[in-house]
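Asker: Take this structure first; my questions come after.
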Amino acid sequence: MSFSGATEKYQNKTLSWEVVGLIAILIFEVIFTYNRVLYGIDLAHISLPADGAYRIYSGQVPSRDFHTPAGFTLFYTLAGFFYLLGGFSFKAVALYSAVIGAIGTIAVYYILRLYTGSIAALVFAGISSMTLCMPRAHPWKDEPAILFYILSLTAFSFAYRYKDRFSSVKISCLSALSGLSMTASIFSKHNIGLTAFTVTAPLWLLLSSEKNDKLISRVKVFLICLFSTIFSTLLLIAYFESNGSFFSDITQSAGMLHRLSVLLPNAAMKEWLLRDWGRIVFIVYVTAATLIAGFVYVLRLSLKELLRERVLIFSIISLITVSYFGHLTSESGALPAFELFALLLGLLYSMLSKFKEMSDYSKVDSKRLSNFCIVTGAIALSTFLLWFATYLTDFADIVKLKGATTPGRTKVADIPFLAIMLTVAIMLLAAGFIYQKDKEKPLHSLKNIFIGAKIFVILIAVSPILYFEYAGSPYKTAVTRLMMPVLKNTGLVKSVEFKDIPVLDGVYADPKMVNEIEKLVRWFRPKIEADPSLKNGTGIYVFPHGTSLYGILGVESFRNVYLWLSYKLTFNQLDPDTDEIIRESPKFIIMYPYTNTDDPSKSLLLMPRLQKILKEDYNLAVQFGDFFIYRKA
């Protein structure tokens, strides 16, 4: 009794510290992500999610009142935060990112806790909290797509872990819930959601709804997941198509077809070598494949023995596939991959622990261990040399590619990982040659290799955090926003706070942008108060960027136009909104060129009819920096 009581007391104490650790991670994530979004806003990029959600909040419906090929889940969930906080505000946008990141962190922790110990689960959950939503200064379509994919994996992992305790009804409900989560992922970002559905739904074939584990029972659970996804997807498609132009809006995204070409291995390799984030992505994939294959070889595991951990193996494959498709077919670069790497590497860490448990040391010999070390050392050395080549040279010129090359500021982040890769390569190669001469069973050495592999996995999991900080300083930005009450009067920071605009309360941005938006709002306020028709969704048109100005001004967003103007991504034809502008004849048109501030006329190259209308029917009423306001003549 005393031993049992002591054990129970120890378990309760451990659980308490585990809960405290998770709560600390969540508090950190919420505070930092919230402050990250509110500091140094990018009006052009934050406008897509903010305006899409504001339109939903105002009663508009996608495909009926505005056109967008993706992002439905993002817009509806963010609109919920507008309802929660009583209307449009950038604080609601920031809170959305913080909460989405927190939910994702909890899901990552829970999945990992089913397979590994509390410390490892907390470590990787902590890493996940810093890579899910925190790095980006605004919500985007990728995050909810990734989140709902993770939630679908959570439902599956939960059902599989407690399959012996759950009734068939509970398992069926979790299968349906997983399917609905994948529908939400699809309606946020098609490339991520459809890939997630393709590789996640079959996982349910590993789980039976009955105790007998017959094939028919596994197929039943799989079909429930499959049906819930397909039925709910078709239902939503029917709703949006019956109310508007869903299929037409989807087919506008012709640019996605071109992106599919980079999924080919040779094209993917070029993409990884070309982009400054590519080396990290490449190393994660190589690490996962090398460690799993290597330990299977060293431990002489049969396929039957390996498949004892089939859930872990197939979950890792699922994550690699979604991250591969997600980042190579996305405009977000490596972000969709980085958002999944903490969970992927956490499961790989768990797999290493399972390998150690499955080890039959009587089968391990020095020759196999030597071969393992030499081969993995050669792979590490090759990776180092490839990474070092891209570090020293403009690799894009070498392989005759066009696009972004490695910026100097992110090269600083390469240095510690170059050192780590070279050190790992040297140690493995040296160990390999030593084991060739050691004819005894190298049991102690194998245990050290397990420990070293786990440490390396953790280091690789941390690498996106260092990349993000050197590439865009998101964590420094969050700290700066937290410290603004102390720093704002010291002259150490350049950003200033918006004043007299309630929806931008607590938001900091570049002084030039703050000054221009404050002048624009002051100029419009009396006109909107004097003419209520400006609020009805036809009086003011904003293009091609900065559409969150609708919410900032407190007017309904212009109806029946494209939410985001990006040629070949959201529209294919010239003058995408011009027919609606002619029909409604707005009293004011606000042009915010963003990327063409040096020559605003470039923003009208794809809109020749609109350019003509601006010249003939409108006058430039006023200009506030990069904001051009035209009034109907």
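Asker: Take the residues in region 39-66 that are touching a helix residue (DSSP H, G or I) at 6+ places or on another chain (Cβ under 6 Å) and over 21 Å from SER332 (Cβ atoms); name whichever of them is most open to solvent (accessible area, probe 1.4 Å).
Answerer: ARG64
Asker: Considering every residue within region 110-128, establish whether at least one is among the aliphatic types (A, V, I, L, M), at pLDDT below 95, part of a loop (DSSP other than H, G, I, E, B) and under 20 Å from the mean Cα position of the chain (by Cα).
Answerer: No, region 110-128 contains no residue that is among the aliphatic types (A, V, I, L, M), at pLDDT below 95, part of a loop (DSSP other than H, G, I, E, B) and under 20 Å from the mean Cα position of the chain (by Cα).
Asker: Do you know which residues across region 514-524 are in contact (Cβ under 8 Å) with a residue 24 or more places away in the chain and touching a helix residue (DSSP H, G or I) at 6+ places or on another chain (Cβ under 9 Å)? Break it down stepwise before answering.
Answerer: Applying the first criterion (in contact (Cβ under 8 Å) with a residue 24 or more places away in the chain) to region 514-524 yields 515-517, 519-521, 523-524.
Once the filter is applied, which keeps residues that are in contact (Cβ under 8 Å) with a residue 24 or more places away in the chain and touching a helix residue (DSSP H, G or I) at 6+ places or on another chain (Cβ under 9 Å), region 514-524 yields ILE517, LEU520, VAL521, PHE524.
Asker: What are the pairs with Cβ atoms under 9 angstrom where one residue, in region 533-546, is more than 14 Å from THR578 (Cα to Cα) and open to solvent by 10 Å² or more (accessible area, probe 1.4 Å) and the other, located anywhere, is among the β-branched types (Val, Ile, Thr) and at pLDDT below 90? Sequence gap at least six, or different chains.
Answerer: Final answer for the pair search is HIS545/THR595.
Asker: Against the condition touching a residue at least 24 places away in the same chain (Cβ under 8 Å) and surrounded by fewer than 18 Cβ atoms within 10 Å (Cβ to Cβ), how does PRO600 come out, does it pass? Before the answer, list the steps.
Answerer: Working: touching a residue at least 24 places away in the same chain (Cβ under 8 Å): yes; surrounded by fewer than 18 Cβ atoms within 10 Å (Cβ to Cβ): yes.
When the stated conditions are applied, PRO600 passes them.
Asker: Determine if region 143-155 includes at least one residue that is aromatic (Phe, Trp, Tyr), open to solvent by 10 Å² or more (accessible area, probe 1.4 Å), part of a loop (DSSP other than H, G, I, E, B) and touching a Ser or Thr at 6+ places or on another chain (Cβ under 9 Å).
Answerer: Step one: of region 143-155, the residues aromatic (Phe, Trp, Tyr) are 148-149.
Okay, now just the ones that are also open to solvent by 10 Å² or more (accessible area, probe 1.4 Å), so 148.
Among the residues that remain, those that are also part of a loop (DSSP other than H, G, I, E, B) are: none.
No, region 143-155 has no match at all.
Asker: While we're here: If we keep just the residues of region 67-103 that are under 22 Å from SER181 (Cα atoms), free of Cβ contacts under 8 Å to residues at least 60 places away in the same chain and small (Gly, Ala, Ser), which is surrounded by the most Cβ atoms within 10 Å (Cβ to Cβ)?
Answerer: Across region 67-103, the extreme among qualifying residues is ALA79.
Asker: Filter region 548-563 down to the residues that are within 16 Å of TYR630 (Cβ to Cβ) and open to solvent by 10 Å² or more (accessible area, probe 1.4 Å) and list them by number.
Answerer: Within region 548-563, LEU553 is the sole residue that qualifies.
Table: residues versus (1) assigned to a loop (DSSP other than H, G, I, E, B); (2) under 31 Å from the mean Cα position of the chain (by Cα).
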residue	(1), (2)
PHE450	no, yes
ALA478	no, yes
GLU518	no, no
PHE543	no, yes
THR547	yes, yes
GLU556	yes, yes
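Asker: Based on what the data block shows, is VAL169 part of a helix (DSSP H, G or I) and modelled with pLDDT under 95? Even if it seems obvious, please write down each step before you answer.
Answerer: On the way: part of a helix (DSSP H, G or I): yes; modelled with pLDDT under 95: yes.
In short, yes.
Asker: Has region 107-118 got any residue that is aromatic (Phe, Trp, Tyr) and closer than 30 Å to GLY52 by Cα?
Answerer: Checked against the condition, which is being aromatic (Phe, Trp, Tyr) and closer than 30 Å to GLY52 by Cα, region 107-118 yields no hits at all.
Asker: So which residues in region 298-348 are more than 20 Å from the chain's Cα centre (by Cα) and either without any contact (Cβ under 8 Å) to a residue 24 or more places away in the chain or not in a helix (DSSP H, G or I) (or both)?
Answerer: Those that are more than 20 Å from the chain's Cα centre (by Cα) and either without any contact (Cβ under 8 Å) to a residue 24 or more places away in the chain or not in a helix (DSSP H, G or I) (or both): LEU299, ARG300, LEU301, SER302, LEU303, LYS304, LEU306, LEU307.
Asker: Sort through LEU203, LEU223 and tell me the only one that's under 20 Å from LEU147 (Cβ atoms) and modelled with pLDDT of 90 or more.
Answerer: Answer to the check: LEU203.
Asker: Can you report the number of residues in region 502-513 which are open to solvent by 10 Å² or more (accessible area, probe 1.4 Å), over 30 Å from ASP575 (Cα atoms) and in contact (Cβ under 8 Å) with a residue 24 or more places away in the chain? Steps first, please.
Answerer: To start, the set of residues in region 502-513 that are open to solvent by 10 Å² or more (accessible area, probe 1.4 Å) comprises 502-503, 505, 508, 510-513.
Restricting the remaining residues to those that are over 30 Å from ASP575 (Cα atoms) gives 502-503, 505, 508, 510-512.
Adding the requirement that they be in contact (Cβ under 8 Å) with a residue 24 or more places away in the chain leaves 502-503, 505, 508, 510, 512.
Number of matching residues: 6.
Asker: Sticking with this one: Among (1) modelled with pLDDT of 65 or more; (2) closer than 23 Å to LEU459 by Cα; (3) open to solvent by less than 40 Å² (accessible area, probe 1.4 Å); (4) out of contact with any Ser or Thr (no Cβ under 8 Å at 6 or more places or on another chain), there is one condition VAL364 misses while meeting the rest; what is its number?
Answerer: (2)
Asker: Looking only at region 621-633, filter to residues that are without any contact (Cβ under 8 Å) to a residue 40 or more places away in the chain and touching a strand residue (DSSP E or B) at 6+ places or on another chain (Cβ under 6 Å); which one of those is surrounded by the most Cβ atoms within 10 Å (Cβ to Cβ)? Explain how you work it out, then say what you get.
Answerer: Let us first name the residues in region 621-633 that are without any contact (Cβ under 8 Å) to a residue 40 or more places away in the chain, namely 621, 623, 628, 633.
Going one step further and asking which of them are touching a strand residue (DSSP E or B) at 6+ places or on another chain (Cβ under 6 Å), we end up with 621, 628, 633.
Details: ALA621: 14, PHE628: 18, ALA633: 7.
Checked region 621-633; the qualifying residue surrounded by the most Cβ atoms within 10 Å (Cβ to Cβ) is PHE628.
Asker: Quick one: which residue in LEU428, LEU466 is part of a helix (DSSP H, G or I), more than 30 Å from LEU95 (Cβ to Cβ) and modelled with pLDDT of 75 or more?
Answerer: LEU428
The values are calculated or read from the model by the stated rules, or taken from the named source; none is laboratory data. These numbers were taken from a predicted model, which means no experiment stands behind them. Glycine gets a Cβ as well: all are built from the backbone with ideal geometry, and neighbour counts include every protein chain shown. Calculation scope for accessible area: heavy atoms of the full protein, side chains included, ligands and nucleic acids excluded. Shrake-Rupley method; radii C 1.70, N 1.55, O 1.52, S 1.80 Å.
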